[in-house]
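Participant: A single structure is presented below for examination.
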């Protein structure tokens, strides 16, 4: 091989490794949430009232109508999640933010796949009213269920119990679905805000009745038996920092009260329930 050919081969090899490095760098970039942010801003409507309770609601009807359009925000976010490789996320906060967003989109997809339904626990989704183990969303090369995202990844691998205030299973008693996508750079503040908003809601978070010496807690603290094996008793220290009112916080940590749980309303957190409140009645 003459000198010129040798130099040409060396340059080609160098270019190949340069392109490989650039590809690897881009593959390990954080998940681009801008498209999902557009989706939330388009279909999550804040501060709506259902049965006297103010909450953020989802316009499932319009999302459902858009599902046939390949270029709709719904389908573009779904495709983006299908194509993304979550193992390329390096930091813990990147992973937590990504999987919260993925869970919330997966819950919406569960509704859209079976729409119209009045609850994520509708028999139209699962006869036994247990949709959590249904493989609902493809991320990378793997189909995942809501249960896997919540318990195996967010609560299990990443050990972040604050996600209880951020993941939303499409129901009225869930925390409000944030209009802002979760991001690694703002994650801690976002989770703190979600916790405070949820716990100050006496219909969904906690309600203190000093006259009856009783505190009513969200059943979320009863559902997660691994994090809170003794229910609300184990949740008190966890939630106390997010109670802004000092007297309420002191009463909560005193332990001098009975523990009861708020009823959990599984009806859909739907804009259509605002426009047509009679549709919020449970049908199955």
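The values are calculated or read from the model by the stated rules, or taken from the named source; none is laboratory data. Worth saying up front: this structure is predicted, and the values here are computed from it rather than measured. So basically every Cβ, Gly included, is an ideal-geometry build from the backbone, and we count neighbours across all protein chains shown.
Participant: Just checking, does the range 213-236 include any residue being in contact with a helix residue (DSSP H, G or I) (Cβ under 6 Å, 6 or more places away or on another chain) and within 28 Å of residue 59 (Cβ to Cβ)?
Facilitator: yes
Participant: Also, I was wondering about something else. Checking residue 249 against (1) modelled with pLDDT of 95 or more; (2) surrounded by 17 or more Cβ atoms within 10 Å (Cβ to Cβ), which single condition isn't satisfied?
Facilitator: So residue 249 meets the others, but not (2).
Participant: Out of 96, 50, I need the residue that is under 30 Å from residue 199 (Cα atoms), under 14 Å from the mean Cα position of the chain (by Cα) and in contact (Cβ under 8 Å) with a residue 24 or more places away in the chain. Which one? Step through it out loud before you land on a result.
Facilitator: On the way: 50 fails: under 14 Å from the mean Cα position of the chain (by Cα).
On inspection, the qualifying residue turns out to be 96.
Participant: One residue is enough: does the range 210-232 have a residue meeting the conditions more than 30 Å from residue 45 (Cβ to Cβ) and assigned to a helix (DSSP H, G or I)? Break it down into steps so the answer makes sense when it comes.
Facilitator: Filtering the range 210-232 for residues more than 30 Å from residue 45 (Cβ to Cβ) gives 210-215, 225-232.
Now drop any that are not assigned to a helix (DSSP H, G or I), which leaves 232.
Checked the range 210-232: at least one residue is more than 30 Å from residue 45 (Cβ to Cβ) and assigned to a helix (DSSP H, G or I).
Participant: Any residue at all in the range 65-87 that is under 30 Å from residue 263 (Cβ atoms), under 18 Å from the mean Cα position of the chain (by Cα) and modelled with pLDDT of 95 or more?
Facilitator: Checked the range 65-87: no residue is under 30 Å from residue 263 (Cβ atoms), under 18 Å from the mean Cα position of the chain (by Cα) and modelled with pLDDT of 95 or more.
Participant: I'm checking my understanding of the structure. Among residues of the range 257-284 that are at pLDDT 85 or above and in a loop (DSSP other than H, G, I, E, B), which one is surrounded by the most Cβ atoms within 10 Å (Cβ to Cβ)?
Facilitator: Among those residues, the one meeting the criterion is 269.
Participant: If you scan the range 143-170, which residues turn out to be in contact with a helix residue (DSSP H, G or I) (Cβ under 9 Å, 6 or more places away or on another chain) and either under 15 Å from residue 114 (Cα atoms) or in a strand (DSSP E or B) (or both)?
Facilitator: 144, 145, 169, 170
Participant: Within the range 11-29, is there a residue that is within 24 Å of residue 148 (Cα to Cα), in contact with a helix residue (DSSP H, G or I) (Cβ under 7 Å, 6 or more places away or on another chain) and modelled with pLDDT of 90 or more?
Facilitator: No, the range 11-29 contains no residue that is within 24 Å of residue 148 (Cα to Cα), in contact with a helix residue (DSSP H, G or I) (Cβ under 7 Å, 6 or more places away or on another chain) and modelled with pLDDT of 90 or more.
Participant: Could I ask something else about it? For residues that are farther than 22 Å from residue 172 by Cβ and in a loop (DSSP other than H, G, I, E, B), scanning just the range 92-142, find the one that is modelled with the lowest pLDDT.
Facilitator: 141
Participant: Is it true that some residue in the range 129-142 is closer than 18 Å to residue 265 by Cβ, surrounded by fewer than 20 Cβ atoms within 10 Å (Cβ to Cβ) and either touching a residue at least 60 places away in the same chain (Cβ under 8 Å) or touching a strand residue (DSSP E or B) at 6+ places or on another chain (Cβ under 9 Å) (or both)? Please lay out each step first, then the result.
Facilitator: First, the residues of the range 129-142 that are closer than 18 Å to residue 265 by Cβ: 129-132.
Still in the running and surrounded by fewer than 20 Cβ atoms within 10 Å (Cβ to Cβ): 129-130, 132.
With either touching a residue at least 60 places away in the same chain (Cβ under 8 Å) or touching a strand residue (DSSP E or B) at 6+ places or on another chain (Cβ under 9 Å) (or both) added as a condition, the list becomes 129, 132.
Within the range 129-142, one or more residues are closer than 18 Å to residue 265 by Cβ, surrounded by fewer than 20 Cβ atoms within 10 Å (Cβ to Cβ) and either touching a residue at least 60 places away in the same chain (Cβ under 8 Å) or touching a strand residue (DSSP E or B) at 6+ places or on another chain (Cβ under 9 Å) (or both).
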